[in-house]
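First up is the structure itself, then whatever we jot down about it.
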2 protein chains.
Amino acid sequence: MKRLSAGFLPSIALDTDGGVPMCEQLSEWFRRAIMDGRLQPGQRVPSTRGLAKELRISRIPVLSAYEQLYAEGYLETFVGAGTCVARSILGDALKPAHVTVRASRRSSGQGAPRRLSQRVAVLRTPPQTWANNHGAFRVGLPAIDHFPIAAWSKLVHRHAHRPPIGHMVYGTPMGHLPLREAIAEYLGTVRAVRCDASQILITTGSQHGLQICAHALLEAKDRVWMEDPGYPGARQAFRTVGAQIVPVPVDDEGLNVDEGMRLGRNARAVYISPSHQFPLGVTMSASRRMQVLNWAARTGAWIIEDDYDSEYRFGGRPLASLQGMDADDRVIYLGTFSKVMFPALRVGYVVIPKDLVAAFAIVRDAFDTFSSTLYQAALCDFIRDGHFARHIRRMRALYQERRNALLEAIDQVKDGKLEVIGTNAGMQLTALLPPGVNDVALSIETAKLGISTRPLSICYAAPPPRGGVILGYPGASVPEIQDGVRKLRSCL
Amino acid sequence: MKRLSAGFLPSIALDTDGGVPMCEQLSEWFRRAIMDGRLQPGQRVPSTRGLAKELRISRIPVLSAYEQLYAEGYLETFVGAGTCVARSILGDALKPAHVTVRASRRSSGQGAPRRLSQRVAVLRTPPQTWANNHGAFRVGLPAIDHFPIAAWSKLVHRHAHRPPIGHMVYGTPMGHLPLREAIAEYLGTVRAVRCDASQILITTGSQHGLQICAHALLEAKDRVWMEDPGYPGARQAFRTVGAQIVPVPVDDEGLNVDEGMRLGRNARAVYISPSHQFPLGVTMSASRRMQVLNWAARTGAWIIEDDYDSEYRFGGRPLASLQGMDADDRVIYLGTFSKVMFPALRVGYVVIPKDLVAAFAIVRDAFDTFSSTLYQAALCDFIRDGHFARHIRRMRALYQERRNALLEAIDQVKDGKLEVIGTNAGMQLTALLPPGVNDVALSIETAKLGISTRPLSICYAAPPPRGGVILGYPGASVPEIQDGVRKLRSCL
C-alpha cells in the first residue's frame, strides 16, 4: 500500500461557491478516481484528518464523504492499516482502459449494438406536424373555452381538499366504484349498453383501453379486421402486440363484413366504430351489425366497439350501441371522456363481458396498476350532479352551429374542390380532395399557417384513390372556422 | 306485405311510470322484434298515427321512434307503400334460430371458444388477500396522514381553478416540460443522475415505466436477468412482452453478476434495484456495479435501474445512482412519486439515454398518449416551492422512528422466530421465518386480522429455503406497529 502523495491532491478541484456540498464533491471525486483507475483497489487513501488539512477544509465533510464511500463499498478499513480502496473492486470489473476505448468507439459507431424491440420500428410513423398545434380543425379537440370549469374545479377542490385516506392509497385495477356505477347507468340509459358496474374498467383514455384489449385478447400473428380507412390509434394498439392487421373496406353501410370474411379468415377480432365511423362518418347498418355479431358468435372472434364520440348527433338521438344487441357477449365496448370533457383529463372506460372481467383486471394491473383517484371522484360527482348531461346538451347545439359554419364556409368556395362527407354526427367531418392532391403535403402546408387538418390517407392501409382532410370543428369559433377554410383553400 | 295485426300490439308493454321515455321504449321494442324475427324484412309496420291510436299515446314519441329506427337502418319507407322493416336486413344476417341455439349452447359450455391471449395465463397470480387492506405493514404505503395535504390541495386548486388552455388539451407523450425540468434537477443533485429534461419521460407510476421499458427494449423470448428474490411487478412487465426471465441470485453485494453471466448468456437486459434491493434491502457493491456496467457495455445489454425508494436512508445519505456511473448510456433509470407523495397520485418517471428518447416516446404514445396534466403541474410547484424536500426530510425522521419501533417490537418477542434483514433504508424490512413455515399461509392469516404482510416467497422464482414476511412500516403508527407485531407473532 502506498501513501497517497500530496502531489495527487490538487486535482481535487473543490468548488467553494456553496452550490454542491463539500462532502458530495469529495465523494464524487473519489468515485470517479476509483472508476477510471487513478486509484487502484487496495491503494491507501489519506486519513480524514490529513486530507482535511491538505485541502484546508473542516474535517466534517471529509468524514461524511468517507462514511458514504465506505457504505457504498468503494473504501474499506482495516484495524491498524487505515483506509484503502476496497480490494473487492476487482481490476477486471473496473477495466478502465476498456471504458475509455468503449466511449470513443461508441462515438464512432463501433460500440456494442443498441438494439430496440422490433415493435418500435413497427410503431414509428412519419412526423405529424399537423398535430403540433391546437388551431382550427384539430381533430378530437372539444370547445375547451365552453367547458364549465368553475363547476368542475369546485368538484376537484372538494375532493382534493380533504380526501379520505381511501382516495390517496392504492386503488383497484378496475377503478373507483362510484364512478363505475355512474358510467354503467349513463351507458344503459343513453347508449342501450347492457352492463353493470362490475363490468366497467376505468382507463386513462381510449388508447389505453385499446391496448388493454389488445394485450388481453390477442397473440402475435393473430389476425384483426380493421376498418379501412380507420382510426390510426387502434392500429397502433394491435401492432404493439404484433397482431396482423387485415384492412377491411368501409362502404356506406359501414365495415363490409362479407369482404372481411373473404380477406381475413380465422380473424380473432374486429375493430369497428359502428355509431359514427372514423373517419368517414358512416353509421353501420342494422343488417351489417347483425352480420358481424353472428360472425363473431360463430367463429369465436371478439368485437371491439369504439364508441368514441357517440354523444354528438345532429338530428335524431344517438344510435344504440352494438354491445346492447349482442346476445353472445362478444362485444368489448370502449368509450372516453376526453372528448366530452377535455383531453388532459385522461379518463376513459371499457365495458367488458362478465366472464372476461378477471382477465382484463389482470392485464390492467400488470400494465399500470390503477388510475389516479381524484379525477375519478370528481368526474363521478360531475355526472351525478347533472353537469355532464347539461354540458353535452349545450355542446350539441354549439357544435352543430360550428359544423354548419364549416359547411357554409366550404360551400362558399363553390369550386367543387372539397367534397364533404360524414356530417351528421360527432366532432369532425371529412373533406375529400380532387384526385391527385397529396393530403399529407396539404396538411403539412396548413400546419405552417397554424391550422391542424388531419390527412385522410394516414387512416388507410394503402394510399387511397382520393385524399382528403379530416376537419374537427368543435374547438374553433365561427370566425376561426371561416379563416381556417380560407387558409385551407389557399394551400390547395 | 301484411299489415301488422292489432293482436300483435299488446306485447309492446309500455311502461308509463316515466322512467324510460316512451319513444325509447318503442324503438327498443322494434329493434328486438326485428332481431328475434318477430318482424321480418319487408314486413309492413303500422303508420305512426295508427300505432299511436292503438297504444293510446301521443303521436310524437311514435314519430321519434320511427325516425330513429329509420336512421339506424331498421325501417325503410317507400312512396305510396308506407313504412316497412328494411329489406336490406337479410334473413341470413338475422338467423334468429341460430341466436337462440347459440345462447343455450353457450350456457352449457358448447358455444364458440372464448379465447384470451396466453399472456393472461402467464400474468395470473394466486389471489393476494394481504393486498386487500391498508393495515399495518402494507408494503409501499407511506404515512398518508402526515402528507401536507393543505399545501398540496392549494397547489391543485391553483391549477384546477383557471387552467390555461394548454393544460386541458392534448399534451406530449414525454410529459409536462416544467415538471421534467424540476425532476432532472432533483435527480442530478440528490441521486447523481446525469440527465437533462429532454431525457425524462413522465409515467403514471413505476409499473407503467417498467412496461414502457419492456415494450421498447424487448422481444418475445428475449432473456432478462431478474434479481432473485426481486420485485414481482417487474417480472409482470417482462412477462407481458413474452420475455424469458432468468432469475439471478442476490447475495450481500446485490445481484451476482458472475452467476448472471453463467445462467443467462445473451441476455438483452437486467433489472436491478442497486440502491436498496427489493426485498432484501442490500446495497449493490461498487465492484458489482462496475461489473454489471461493463457486462452491459460489452454485450450490448440494457440495465433497468429501479430506484423506487432511494429517498429514505437512515444513517448516511442516499447512495448515488448506477445511472450516474454509466459511461455507455446503458442504464434506463426508473423512479416514482407514489411512495414519497401518495400512491393514488400516479406520477412516476423514466430517465432515458438520449439516443433512445424517440423510441420511448413512440411506445408511450401508442400506449396511452400522455399523462393527465393537472397533477404534473401541481407536483412541479410542490417541488419548486420546497414542499417536496421538506416532506422527505420530515418523513425520514418519522420512518426511522417507526422502523425503530418495529425492530424493538420484534426484538421484545425474543424467541428468535423472526430474523430481521434489510433495515438500513427504504420503506420496508424483511423478517425471515423459521425454516418450514409457509409465508403465504402466514400472510393470509395476518390479513384476516387486518394486517398486511407480503410473503417473501412470492418474490422468488422458485420456493426459497426459508420464507419471510416483508413489513412496511411508514404507514402505521407506533401503537399500530406494536399491535401488528403481536398479531403477526400470534399467527406464527
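The values are calculated or read from the model by the stated rules, or taken from the named source; none is laboratory data. None of these values were measured; they are calculated from a predicted model. Reconstructed Cβ throughout: ideal geometry from the backbone, glycine too, with neighbour counts over all protein chains shown. Side chains are part of the model used for accessible areas, which takes the heavy atoms of the whole protein and leaves out ligands, DNA and RNA. Shrake-Rupley method; radii C 1.70, N 1.55, O 1.52, S 1.80 Å.
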key: Cross-link reach list, aspartates and glutamates versus A:LYS154, counting only Cα pairs under 13 Å and skipping chain neighbours closer than eight places   = A:ASP381, A:ASP385
ask   = Under a 5 Å amide H to amide H cut-off, with H placed in plane at 1.01 Å, what residues pair with B:TRP302 once short-range neighbours are removed?
value = B:ALA269, B:VAL270
request  = Run through the other copies and list how far each one's label point is from that of B:THR129, in nm with one decimal, shortest first; the point sits 7 Å from Cα along Cα-Cβ.
outcome  = 6.2
query = What is the pair-distance distribution P(r) of segment A:221-304, computed from all Cα-Cα distances in 5 Å bins starting at 0, with each bin given as a whole percent?
reply = 3, 17, 30, 27, 18, 5, 0
ask   = For segment B:177-284, with equal point scatterers placed on the C-alpha atoms only and solvent neglected, what are the log10 I(q)/I(0) values from the Debye formula at q = 0.10, 0.17, 0.21 1/Å, to two decimals?
value = -0.33, -0.90, -1.14
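For segment B:208-263, what Kirkwood radius comes out of the mean inverse Cα-Cα distance, in Å? Please list the in-between numbers first.
Numbers: mean 1/r = 0.0868 Å⁻¹.
The answer is 11.5 Å.
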note = The long-range amide H neighbours of A:THR203, using H built 1.01 Å from N in the peptide plane and a cut-off of under 5 Å, are A:GLY348, A:TYR349, A:VAL350
request  = Give a residue-ordered list of calculated ³J(HN,Hα) values for segment A:329-345 (Karplus: 6.51 cos²θ - 1.76 cosθ + 1.60, θ = phi - 60°; whole Hz; x for Gly, Pro).
outcome  = 6, 9, 9, 9, 10, 10, x, 8, 9, 4, 8, 7, 8, 7, x, 6, 5
Distant-in-sequence amide H partners of B:GLY171 (H built 1.01 Å from N, under 5 Å) = none
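Share of Cα-Cα pairs in segment B:147-385 beyond 26 Å, in percent? Display every interim value, and only then the final one.
Working: 10227 of 28441 pairs.
Counting every Cα pair in segment B:147-385, those more than 26 Å apart make up 36 percent.
Give me the net charge of B:ASP439's neighbourhood, meaning all other residues with Cβ under 10 Å from the Cβ of B:ASP439; Lys, Arg count +1, Asp, Glu -1. Could you put the intermediate results ahead of the total?
On the way: positive: B:ARG454, B:ARG466; negative: none.
Spelling it out: positives minus negatives among the neighbours equals +2.
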inquiry  = Please report the antiparallel percentage of DSSP beta bridges with both residues in the protein assembly as shown, rounded to the nearest 5.
reply    = 60
request  = Name the residues of segment B:332-349, by number, that are at least 50 Å² less accessible with every protein chain in place than in the isolated chain; the surface is that of heavy atoms, probe 1.4 Å, without ligands or nucleic acids.
outcome  = B:ALA344, B:ARG346
query = What do you get for Rg/Rh over segment A:442-492 if you use C-alpha atoms and the Kirkwood form of Rh?
reply = 1.00
query = When all C-alpha to C-alpha distances in the protein assembly as shown are sorted into bins of 10 Å, what percent of pairs does each bin hold, rounded to whole numbers?
reply = 2, 11, 18, 22, 19, 13, 8, 4, 2, 1, 0, 0
message = Once the label point is set 7 Å along the Cα-to-beta-carbon vector, what list of distances in nm do you get between A:PHE78 and its counterparts in the other copies?
response = 10.6
key: Value of Rg to Rh for segment A:117-189 (Rh from inverse mean 1/r over Cα pairs, i.e. Kirkwood)   = 1.11
ask   = Which pairs, out of A:LYS221/B:LYS221; A:LYS448/A:LYS487; A:LYS448/B:LYS354, put more than 22 Å between their alpha-carbon atoms?
value = A:LYS448/B:LYS354
query = Once the other residues with Cβ under 14 Å from the Cβ of A:VAL478 are scored (Lys, Arg +1; Asp, Glu -1), what is the net sum?
reply = -2
request  = Would you mind getting the Kirkwood hydrodynamic radius of chain B from its Cα pairs, rounded to one decimal in Å?
outcome  = 26.8
Other copies of B:PRO249: label-to-label distances in nm, shortest first, labels 7 Å along the beta-carbon direction = 6.5
request  = Taking the rotation that carries A onto B, look along its axis and tell me which residue of A has the beta carbon nearest to it, distance in whole angstrom.
outcome  = A:HIS157, 3
